[in-house]
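The next block holds one structure in the form of structure tokens; read it before the comments.
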Amino acid sequence: MAKSMQTIFTPARLRILVPVLVFIIALAVRLVGIGWGLKNDLHNQSYHPDEEDIFSFSQAVEPAHLKFTPGFYNYGTFYLTTLRIASDMTAAYTGAPDLKNTDSKWSYIARCNLAGRVLSALAGAGTALVVFFVLLRLAGLLAGLSGAGILAFAPAHVIHSRFQTVDVMAVFLLALSVLFALKLIPKDGDEPPGCKQVLKWIVLAGVFAGLSGATKYTGLLGLTTTLVVLFMCRRPTFFKDAAISVGAAIGAFVIACPGVLLDNEAFMRDFKYEMLHTSTGHGLIFEGTANGFVYHILNLFQGLGTIATLLAGGTLLYAAYRRQVWAIALVAFMIPYYILIGRAEVKFMRYTFPLYVGLAVGFGWAVAKGQENKKVGRLVVGAGILALGGIDLGGMIGMVKLTGYMTGEDPRDAAARYVKDAARSAPNTIVGLPEDPWFWSPPFYPDSTISRHTSPKSRVEAMLQSSVPHEIYQMTPDGKPTQFDKRLITEIKPDFVTYSSLEYADPERLQDRQDVSDSGKALALQYKEFVAALQKDYDSNKEFGDDVAMVQDLAYIQPHVRVWKRKTPVIR
């Protein structure tokens with residue numbers, strides 16, 4: 001039996017089988033729950049606030065007509081191009097939409113968004129595989145499996161791998177750049193690579209950094225890793241090699257995002273907007289929170305795991321101190337990138353994902369080296385096992401918990417069904433929303449989740465055409481919706497009032513704060529007065545979803561929804 005197993009699992013076959021299994025496992029966990037929040041019988045649009053807009057922008061790319069300038073450049077167009085190709089394949093294999101039929105149109109868009117999510121899942125699993133190959137070369141099989149495992153099960157990375165967005169794709173391309181850059185480090189005992197092979201790695205490291213930047217601009221910083229490796233390992237030819245790699249990156253960037261040349265005015269407009277946006281904030285979402293340097297540490301603890309982050313970060317610094325070229329090269333990218341996002345006022349968890357590549361490499365290296373040390377190393381291996389398992393709610397346990405949110409009924413859907421059921425016996429039921437409905441609200445009519453790029457007038461018309469219960473929100477004299485205006489309670493007097501943590505988390509957090517903006521203070525006061533009026537005339541009737549604190553781009557999948565019912569019914 002042992003001989004037959006050895007015959008089946010030969011070293012040559014294992015070299016193929018192990019990475020295949022790494023990829024399959026990483027992909028499998030990302031495909032579970034990948035249909036979260038897409039069109040259903042209650043709402044037409046995705047619950048992810050960016051997916052509809054990204055799909056819309058991707059349709060302005062026309063590969064068949066060699067048109068790659070969508071006129072939108074808040075980030076590069078490489079992902080938009082891949083999404084357009086995936087959309088065309090979706091139309092070819094599942095049928096194009098009937099544009100005269102609204103349901104057909106939105107069903108088609110949902111299928112295209114699902115195709116885009118599959119692209120993200122493949123990229124997420126691919127990133128784990130790339131980390132495996134990096135560590136296999138640096139420290140062996142155990143290191144590769146450990147580093148790939150911590151990334152394969154990283155809760156935040158898994159969740160975002162189920163979104164039709166640019167972030168996971170950008171990190172995958174960045175990881176490929178790192179892989180080829182680190183291949184340039186001579187390996188003890190190996191024959192030195194030939195000039196053609198070295199040139200290939202230099203070019204590929206630059207190309208993938210350029211493609212990562214053409215997906216999300218910060219990906220271009222990945223060139224730092226390549227340049228550091230070239231400086232430390234190929235000093236006599238550094239300037240020539242660096243010029244080749246930088247040139248390859250620029251070339252790949254321009255080819256994948258040609259708007260930088262062909263549509264320069266629009267490109268500069270959107271590029272400047274994105275830079276200004278990250279430096280000025282995202283509404284009140286991050287108002288009054290810790291500075292970015294602290295906030296992103298907490299994001300890493302929640303998104304990757306506390307133990308994994310500390311173990312990997314400490315390992316990278318130690319290895320860099322011991323003059324390990326791979327560690328110095330990774331840290332040379334991670335520190336400037338961390339400073340960049342730390343200085344920003346927008347602090348979404350997805351901004352930390354480029355750091356996951358280096359941290360996963362550091363984690364795998366720590367576990368492998370710990371295994372070789374029979375004393376202190378046992379503690380490192382034990383910590384690695386606990387991190388992979390997720391004792392700190394990272395790893396597998398954290399991933400399973402968040403995946404559960406994406407496989408069950410969404411709290412917004414559950415709240416909408418509950419109120420609709422209650423309204424069937426009272427056709428004149430009015431449901432009050434304290435804010436213009438969007439992805440944060442229970443869907444009482446199909447287009448309540450439609451993009452904010454749709455005109456307010458069209459959104460109001462869609463609401464007024466909805467079936468019972470009739471939905472209403474308080475308007476100001478200039479026709480703009482307010483937030484938590486107590487007149488909804490005192491003047492409209494709806495039968496039910498409902499809202500989610502995506503709406504109330506910020507005003508609750510800003511209560512009685514003097515260190516925030518005037519708009520933050522004003523919203524906190526409005527919310528306080530609104531809740532006081534609500535508690536006077538309404539009972540807390542029902543709650544849906546776990547009341548958990550997560551940064552908003554994770555909270556998308558599990559808002560806490562509150563439903564209040566009027567104590568004394570109003571005769572209408």
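Between Ala92, Ala96, Ala121, Ala64, the distinction of being at pLDDT 95 or above and either farther than 16 Å from Ala256 by Cβ or aliphatic (A, V, I, L, M) (or both) belongs to Ala121 only.
Taking the listed residues Thr127, Thr90, the one that is within 20 Å of the chain's Cα centre (by Cα), part of a helix (DSSP H, G or I) and of a type in the set (Ser, Thr, Tyr) is Thr127, with no other qualifying.
Can you say whether Gly313 is closer than 18 Å to Val131 by Cβ, assigned to a helix (DSSP H, G or I), open to solvent by less than 30 Å² (accessible area, probe 1.4 Å) and at pLDDT below 95, as far as the supplied structure shows? Against the criterion (closer than 18 Å to Val131 by Cβ, assigned to a helix (DSSP H, G or I), open to solvent by less than 30 Å² (accessible area, probe 1.4 Å) and at pLDDT below 95), Gly313 does not qualify.
In the range 517-538, the residues that are in contact (Cβ under 8 Å) with a residue 40 or more places away in the chain and more than 21 Å from Pro569 (Cβ to Cβ) reach residues that are exposed (fewer than 15 other Cβ atoms within 10 Å of the Cβ) and among the polar types (S, T, N, Q) with C-beta atoms within less than 8 angstrom, at least six apart or across chains, in these pairs: Tyr527/Gln511. Applying the selection to the range 238-268, what residues are more than 28 Å from the chain's Cα centre (by Cα), surrounded by 19 or more Cβ atoms within 10 Å (Cβ to Cβ) and not charged (D, E, K, R)? Across the range 238-268, the qualifying residue is only Ser245.
Per-residue answers, yes or no, for (1) small (Gly, Ala, Ser); (2) open to solvent by less than 10 Å² (accessible area, probe 1.4 Å); (3) modelled with pLDDT under 95; (4) within 20 Å of the chain's Cα centre (by Cα):
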{"position": "Gln371", "(1), (2), (3), (4)": "no, no, yes, no"}
{"position": "Asp392", "(1), (2), (3), (4)": "no, no, yes, no"}
{"position": "Tyr405", "(1), (2), (3), (4)": "no, no, no, yes"}
{"position": "Ala414", "(1), (2), (3), (4)": "yes, no, no, no"}
{"position": "Asp436", "(1), (2), (3), (4)": "no, no, yes, no"}
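Take the residues of the range 542-572 that are part of a strand (DSSP E or B) and buried (at least 19 other Cβ atoms within 10 Å of the Cβ): which is farthest from the chain's Cα centre (by Cα)? Checking each candidate, the answer is Arg566. Restricting attention to the range 376-397, which residues are in contact with a Phe, Trp or Tyr (Cβ under 8 Å, 6 or more places away or on another chain) and in a helix (DSSP H, G or I)? Listed by number, the residues that qualify are Gly384, Ala387, Leu388, Gly395, Met396.
I'd like to check something: does the range 60-71 contain any residue that is in contact with an Asp or Glu (Cβ under 6 Å, 6 or more places away or on another chain) and of a type in the set (Val, Ile, Thr)? Among the residues of the range 60-71, at least one is in contact with an Asp or Glu (Cβ under 6 Å, 6 or more places away or on another chain) and of a type in the set (Val, Ile, Thr), which makes the answer yes. From the list Arg343, Arg323, the lone residue that is among the charged types (D, E, K, R), out of contact with any Phe, Trp or Tyr (no Cβ under 7 Å at 6 or more places or on another chain) and on the phi < 0 side of the Ramachandran plot is Arg343.
Those residues that are in a helix (DSSP H, G or I) and open to solvent by 20 Å² or more (accessible area, probe 1.4 Å), I need them from the range 23-54; list them, please. Phe23, Ile24, Ile25, Leu27, Ala28, Val29, Leu31, Glu52, Asp53 - these are the residues of the range 23-54 that are in a helix (DSSP H, G or I) and open to solvent by 20 Å² or more (accessible area, probe 1.4 Å).
Kindly evaluate Val331 against the criterion of being open to solvent by 10 Å² or more (accessible area, probe 1.4 Å), out of contact with any strand residue (DSSP E or B) (no Cβ under 9 Å at 6 or more places or on another chain), free of Cβ contacts under 8 Å to residues at least 24 places away in the same chain and not in a loop (DSSP other than H, G, I, E, B). No; evaluated as a whole, the condition is false for this residue.
Here the condition is being of a type in the set (Gly, Ala, Ser) and without any contact (Cβ under 8 Å) to a residue 24 or more places away in the chain; of Ala242, Ala205, it holds for Ala242 alone. Scan the range 284-297 for residues that are crowded, with 17+ Cβ neighbours inside 10 Å and free of Cβ contacts under 8 Å to residues at least 40 places away in the same chain and the total you get is 1.
Selection of first residues in the range 396-412 that are without any contact (Cβ under 8 Å) to a residue 24 or more places away in the chain and of second residues that are open to solvent by 40 Å² or more (accessible area, probe 1.4 Å), restricted to Cβ pairs under 9 Å at least 6 apart or on distinct chains, gives the following pairs, ordered by first then second residue: Ile397/Ile391; Glu409/Arg417. Here Glu345 fulfils each of the conditions (1) assigned to a helix (DSSP H, G or I); (2) more than 19 Å from Ile159 (Cβ to Cβ) apart from (1). Taking the criterion of being in a loop (DSSP other than H, G, I, E, B) and within 16 Å of the chain's Cα centre (by Cα), would at least one residue in the range 166-189 satisfy it? Checking the range 166-189: at least one residue is in a loop (DSSP other than H, G, I, E, B) and within 16 Å of the chain's Cα centre (by Cα).
Would you check which residues across the range 99-118 are among the basic types (Lys, Arg), open to solvent by 40 Å² or more (accessible area, probe 1.4 Å) and either modelled with pLDDT of 95 or more or assigned to a helix (DSSP H, G or I) (or both) and list them? Within the range 99-118, Lys105, Arg111 qualify.
Residue check: Arg323 meets all listed conditions (1) assigned to a helix (DSSP H, G or I); (2) of a type in the set (Lys, Arg); (3) over 24 Å from Val166 (Cβ atoms) but one, namely (1).
Only a single criterion out of (1) open to solvent by less than 10 Å² (accessible area, probe 1.4 Å); (2) in a helix (DSSP H, G or I); (3) farther than 18 Å from Leu80 by Cβ is not satisfied by Gly213, namely (3). Scanning the range 403-456 for residues that are touching a strand residue (DSSP E or B) at 6+ places or on another chain (Cβ under 9 Å), assigned to a loop (DSSP other than H, G, I, E, B) and β-branched (Val, Ile, Thr) returns a single hit, Thr429.
The values are calculated or read from the model by the stated rules, or taken from the named source; none is laboratory data. All of these numbers come straight from a predicted model, not from anything done at the bench. Note: ideal-geometry Cβ built from the backbone for every residue, glycine included; neighbour counts use all protein chains shown. With ligands, DNA and RNA removed, areas are computed over all heavy atoms of the protein, side chains included. Shrake-Rupley method; radii C 1.70, N 1.55, O 1.52, S 1.80 Å.
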